[in-house]
Amino acid sequence: MDWVHLHLALNHVPVIGSLFVGLLLATAILKKSEELRRLSLWWMVGLMLIGIPIKFTGDLAVDRAKEIEGIEQARIEAHEKSADQATTGIFLAGIAAAIALFKARKGNPVPQWGMIATLVLTLVTFALMARSANLGGEIRHPEIRKSQ
């Protein structure tokens with residue numbers, strides 16, 4: 001397995017994971033479950049950490065993709081820009097989750113503002129991740145490209 005293969009394997013995690021965590025956060029808010037709140041926030045922190053190797057391997061994948069004949073550079077650049085936005089989103093959501101967990105230390109309840117902020121950022125991140133994944137898929141899959 002090389003860096004490109006690792007990138008392609010890992011990049012599915014935050015796309016599906018951000019949707020999963022968003023639903024988990026919403027459920028935790030609706031059910032008013034302290035355990036579920038903490039669990040969902042920890043999951044978001046985990047997704048943020050997974051974003052680090054995805055960004056790193058993505059940069060290596062760009063270098064490799066530029067060497068492949070028939071790959072449109074404009075598609076690579078669009079995906080790379082979109083991926084940077086999605087990475088920013090997941091880091092912001094992860095930071096919001098970490099702050100909420102920090103505020104909830106020593107037995108304090110998770111603050112509602114932390115849950116809502118993390119939920120909103122997570123849902124925005126899911127949209128950004130889905131867009132980035134689609135643009136990444138278009139690089140090598142002409143069947144999913146919009147007709148021109």
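The values are calculated or read from the model by the stated rules, or taken from the named source; none is laboratory data. Keep in mind the model is a prediction, meaning the values are calculated, not measured. Don't worry about glycine lacking a Cβ; one is built from the backbone with ideal geometry, like all the others, and counts go over all protein chains shown. Each accessible area value is taken on the protein alone, full model and side chains, heavy atoms only, with ligands, DNA and RNA left out. Shrake-Rupley method; radii C 1.70, N 1.55, O 1.52, S 1.80 Å.
Side notes on the structure shown:
- Of all residues making up the range 1-39, the number that are open to solvent by less than 60 Å² (accessible area, probe 1.4 Å), in a helix (DSSP H, G or I) and either touching a residue at least 60 places away in the same chain (Cβ under 8 Å) or among the charged types (D, E, K, R) (or both): 12
- Within the range 40-75, considering residues that are within 12 Å of the chain's Cα centre (by Cα) and among the small types (Gly, Ala, Ser), the one surrounded by the most Cβ atoms within 10 Å (Cβ to Cβ): GLY51
- Residue match in the range 76-93 (condition: surrounded by fewer than 17 Cβ atoms within 10 Å (Cβ to Cβ), of a type in the set (Lys, Arg) and over 21 Å from the mean Cα position of the chain (by Cα)): no
- The number of residues in the range 94-135 that are open to solvent by 50 Å² or more (accessible area, probe 1.4 Å) and closer than 14 Å to VAL45 by Cβ comes to 6.
- Residues that are touching a Lys or Arg at 6+ places or on another chain (Cβ under 7 Å) and small (Gly, Ala, Ser) occur in the range 26-39; there is at least one.
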